[in-house]
Amino acid sequence: MRTLMLYAVMVALFFCTGCPKVVFVSERDDHPQIYKMRVNGDNQVNISNNAFADRFPDVSHDGKRIVFSSDRDGEGENIFIMNIDGTNVQQVTTGSGQRIRPRWPPEYFEGIIAFAYTASDGNAEIWTIKTDGSSPNKVTDPGLGESDNGGHDFYDAGKMIVFSRRSGNSADLYATYYDGSQSVEQITSTDVVHEVLPTVSHDGKLLAFREYVMLAAGWIERIRIVKTGTWADHSIITMEPPVVNGSISGIAFSKDDDELFVSARSSDVSGQSHQRYEIFSIKVDGTNQKRLTTNEAADYWPCSVP
């Protein structure tokens, strides 16, 4: 009997270790912390465990490390790396201002991280830096009244970066070479008011982003998925209730790229509007929407563990 019980425990631990997981930010500890959970919402655990604000996590291609932004050094918001369990925290950038939304490149293009940097002038730029903190490089140079802080990601085996550029009241998606050596190219039309939060699938074939468009029924928020490079439509997703229209704050592909993890406000949670953000999953064809978190504290910015 003991042998059978021990075998059962070992099997359970094996499958638990191998379970696909989601990393996200939660404010249930009164300040932003990085959490991890299974893809069905079980086993939600704080892996930051500190008194500072940790935000914008992204998991490395091998599933072993998390890059994120934090104000823990007291100067500004800077980029850090830690193990997937929250240990071995290493600082990558230093200085004042905001360095946020860090992104890993694909496995076949390692060594750098892309992030958005907002200085005192308020115009955010996309920068890259090596994981050891060396070779910082400015990739984009937004003009007067423009800002590149609407999200970004790598594609084309890490050689290209897609990003959202805001100009006035609109935001469109652009692409450029990862080191900024080529001019930026607009890849979406201007008839949609806002196109933000671009995220690329793990296999590099699809790009998902949030769009805000005027239809006959009024302003509608949707997730559009296109094929990278050609930018041809793959699918258009409208989140269903209890998701509140106009509230999506994070999008990520699942490990196998067949669904999305989305953070958005939920209409059936009490509290102020910023407290009602929850994590949902939905298939890339728009079916099978599920809710993964339920609490009166904000849960947002999901990313999957490859």
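The values are calculated or read from the model by the stated rules, or taken from the named source; none is laboratory data. All values derive from a computational prediction rather than experimental measurement. A quick note on method: Cβ atoms are made from the backbone with ideal geometry, for glycine too, and the neighbour counts reach across all protein chains shown.
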Test set (1) more than 30 Å from Asn40 (Cα to Cα); (2) out of contact with any Asp or Glu (no Cβ under 9 Å at 6 or more places or on another chain) - Asp233 fails condition number: (1)
Residue in the range 205-226 that is within 28 Å of His61 (Cβ to Cβ) and not in a strand (DSSP E or B) present: yes
Check on Arg28, under 20 Å from Ser263 (Cα atoms) and either outside any strand (DSSP E or B) or of a type in the set (A, V, I, L, M, F, W, C) (or both): yes
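The rows are residues; the columns are (1) at positive phi; (2) at pLDDT below 95.
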residue: Glu240; (1), (2): no, no
residue: Gly246; (1), (2): yes, yes
residue: Ser249; (1), (2): no, no
residue: Asp256; (1), (2): no, no
residue: Gly271; (1), (2): yes, yes
residue: Gln275; (1), (2): no, yes
residue: Val284; (1), (2): no, no
residue: Glu296; (1), (2): no, yes
residue: Pro302; (1), (2): no, no
Among (1) surrounded by 14 or more Cβ atoms within 10 Å (Cβ to Cβ); (2) more than 19 Å from Pro32 (Cα to Cα), the one test that Ala157 misses: (1)
Test: residue in the range 189-201 that is at positive phi and outside any loop (DSSP other than H, G, I, E, B): yes
Of the criteria (1) closer than 27 Å to Gly158 by Cβ; (2) within 15 Å of the chain's Cα centre (by Cα); (3) modelled with pLDDT of 95 or more, which one Pro106 fails: (3)
Hits in the range 141-186 - residues which are over 20 Å from the mean Cα position of the chain (by Cα) and of a type in the set (Val, Ile, Thr): Val184
Condition check for Val244: within 30 Å of Gly86 (Cα to Cα) and touching a helix residue (DSSP H, G or I) at 6+ places or on another chain (Cβ under 9 Å): no
Within the range 54-85, considering residues that are crowded, with 17+ Cβ neighbours inside 10 Å, modelled with pLDDT of 95 or more and not in a strand (DSSP E or B), the one nearest to the chain's Cα centre (by Cα): Ser60
Total residues in the range 210-229, condition farther than 13 Å from Val284 by Cβ, among the hydrophobic types (A, V, I, L, M, F, W, C) and either in contact (Cβ under 8 Å) with a residue 24 or more places away in the chain or surrounded by 14 or more Cβ atoms within 10 Å (Cβ to Cβ) (or both): 3
